[in-house]
Amino acid sequence: MQAEVRLQIAQIVPCTEAEGPGHRFAIWFQGCPLRCPGCCNPEFIPFEGGESMSLGEVLAAIDRARAEGIEGITLLGGEPLAHASGASFLASAVRDLGLTVMVFTGFTIKEAQSQRNPDVDRLIELTDILVDGPYLSELPDTSRRWIGSTNQRIHFLTNHYRADDPCWQERNTLEIRVRGSEVSVNGFPARQAVGLWKKPKVTERRGG
Ligand code: SF4
């Protein structure tokens with residue numbers, strides 16, 4: 001069963017400090033049913049597109065990133081809970097490797113639990129940090145690192161991370177990668193970078 005699992009992926013950043021504590025392997029899923037006004041990743045809303053990868057391929061990439069010292073993975077969107085079946089297999093496998101799991105979801109945790117979807121429940125069970133609620137551009141959060149808007153809540157679902165860790169109060173992080181003619185940006189959308197990510201061949205990625 002696990003060998004057949006496939007994940008519809010919009011973007012991967014193998015080692016980032018802009019999507020949660022420590023160095024993390026970040027995965028953006030392709031497809032989100034929520035369609036929030038002012039969505040920060042509108043190109044990730046359609047369920048068509050992205051790249052279909054097997055669980056084994058994703059785990060192999062995560063294994064390579066372990067050499068760079070990642071402590072966990074972060075799942076973003078698109079909407080990770082709309083991909084909960086594959087995402088829960090992935091979360092289970094990375095937990096077995098001793099890595100942590102952080103999830104950004106546009107649903108509130110109550111909405112997620114009320115779906116009564118066993119895959120969603122399983123993914124939440126395997127999550128160390130859940131950031132819930134949609135990104136709302138009119139409510140920018142300037143005090144919590146990695147968090148886009150003030151409506152979003154951080155749920156520490158295991159003892160692995162703590163709310164009083166000073167890392168949450170540090171300045172937010174924006175990462176810019178240049179590979180040939182392609183520029184990718186992920187993390188907090190600093191105002192100075194707005195012009196940059198509107199240029200052609202530039203993509204911006206952050207939690208939805
Ligand atoms: S902000 Fe996030 S939850 Fe809302 S439509 Fe965009 S990707 Fe989906």
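The values are calculated or read from the model by the stated rules, or taken from the named source; none is laboratory data. All values derive from a computational prediction rather than experimental measurement. Using ideal geometry, Cβ is built from the backbone for each residue, glycine included, and neighbour counts are taken over all protein chains shown. SASA here: full protein model, heavy atoms, side chains in, ligands and nucleic acids out. Shrake-Rupley method; radii C 1.70, N 1.55, O 1.52, S 1.80 Å.
Observations, loosely collected:
- Subset of the stretch 1-11 [open to solvent by 50 Å² or more (accessible area, probe 1.4 Å), at pLDDT below 95 and not small (Gly, Ala, Ser)]: MET1, GLN2, GLU4
- Filter pass, HIS155 being touching a Ser or Thr at 6+ places or on another chain (Cβ under 9 Å) and farther than 27 Å from LEU34 by Cα: no
- Some residue of the stretch 165-184 being out of contact with any Gly (no Cβ under 9 Å at 6 or more places or on another chain), within 16 Å of the ligand (Cβ to nearest atom) and either within 23 Å of LEU7 (Cα to Cα) or open to solvent by 20 Å² or more (accessible area, probe 1.4 Å) (or both): no
- Qualifying residue in the stretch 1-17 (condition: under 19 Å from ARG177 (Cα atoms) and small (Gly, Ala, Ser)): yes
- Picking from residues in the stretch 34-62 that are of a type in the set (D, E, K, R) and more than 12 Å from the ligand (Cβ to nearest atom), the one that is farthest from VAL5 (Cα to Cα) is GLU48.
- Take the conditions (1) modelled with pLDDT under 95; (2) under 12 Å from the mean Cα position of the chain (by Cα); LEU75 misses just one of them, which is (1).
- Residue pairs meeting the criteria (Cβ under 6 Å; at least 6 apart or on separate chains; first farther than 24 Å from GLN115 by Cα, in the stretch 28-55; second within 12 Å of the ligand (Cβ to nearest atom) and open to solvent by 40 Å² or more (accessible area, probe 1.4 Å)): GLY38/SER137
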